[in-house]
Amino acid sequence: MTSIPSEQSSVRRLPGPLEILRGFLSVSVMGFGGVLPWARRMVVEQRRWLTAEEFNEIFAFCQFLPGPNMLNFAVVFGARCSGARGALAAVVGLLGPPVTIVIALGALYGFFGDIPAVRRILAGEAAAAAGLIIAATAKIAEPVFRLRAGPAPFVALAVFAAVGLARWPLLWVLVAATPLSIALAWWWRR
């Protein structure tokens, strides 16, 4: 087992491939439709494998990589903890159950998808998934919006306003906001 220093203790034990597999299996089954809130809860709050700040740093890095954010997170987290075996365990745990469930649900939807009650159930599920994403976003944003965060909250709000409200293209907002954010963070920490 590998260990890293932590603010909470002098040494923190990182999980092995089997623990990573079990953790991401549980996340993928509970988080059907959106695993971000469940992954954060498991990794940060329940198992304390990462601090909130470490989770945010890794997740922010994974958002800049091509591909699905949570799959990127699983690979980076698994590799950080247990190398290639950890990355593979995280990916199998994250993708195995949903792929199986989607295939089964797709077959069932083919038979029962035109029933009005099924359509209402799916609409309710969409609302619940949106609520989970909003809750996870609030938890992830909390460390950024602390007073010691400096200009980071203002950059986050500006990016939200540009993309979410003004509907500017995400790529161009990131191209402008990234160097600005880096410069402000450097200036703030000098």
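Numbers at a glance
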read-out	value
Residue among T51, T137 that alone is of a type in the set (S, T, Y) and under 19 Å from L14 (Cα atoms)	T51
Criterion violated by A136 - all others in (1) small (G, A, S); (2) within 21 Å of the chain's Cα centre (by Cα); (3) more than 17 Å from N69 (Cβ to Cβ) satisfied	(3)
Test: residue in the range 135-151 that is part of a helix (DSSP H, G or I), at pLDDT 85 or above and in the same structural domain as S26 (by TED's automatic domain parsing)	yes
Every pair of residues 6+ apart whose Cβ atoms lie under 7 Å, when the first sits in the range 36-47 and is closer than 16 Å to L21 by Cα while the second is of a type in the set (S, T, N, Q) and in a helix (DSSP H, G or I)	M42/S26
Given (1) of a type in the set (G, A, S); (2) free of Cβ contacts under 8 Å to residues at least 40 places away in the same chain; (3) within 30 Å of E19 (Cα to Cα), index of the condition A129 fails	(2)
Subset of the range 17-49 [surrounded by fewer than 16 Cβ atoms within 10 Å (Cβ to Cβ), at pLDDT 80 or above and not in a helix (DSSP H, G or I)]	R47, R48
Cross-chain or 6+ apart pairs with Cβ under 8 Å, the range 162-178 first and farther than 20 Å from P151 by Cβ, then assigned to a helix (DSSP H, G or I) and among the β-branched types (V, I, T)	L170/V163
Condition check for A104: free of Cβ contacts under 8 Å to residues at least 12 places away in the same chain and more than 19 Å from the chain's Cα centre (by Cα)	yes
Checklist (1) part of a helix (DSSP H, G or I); (2) more than 23 Å from the chain's Cα centre (by Cα); (3) at pLDDT 85 or above applied to V155, failing item	(2)
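The values are calculated or read from the model by the stated rules, or taken from the named source; none is laboratory data. Quantities reported herein were computed from a predicted structural model and do not represent experimental measurements. Don't worry about glycine lacking a Cβ; one is built from the backbone with ideal geometry, like all the others, and counts go over all protein chains shown.
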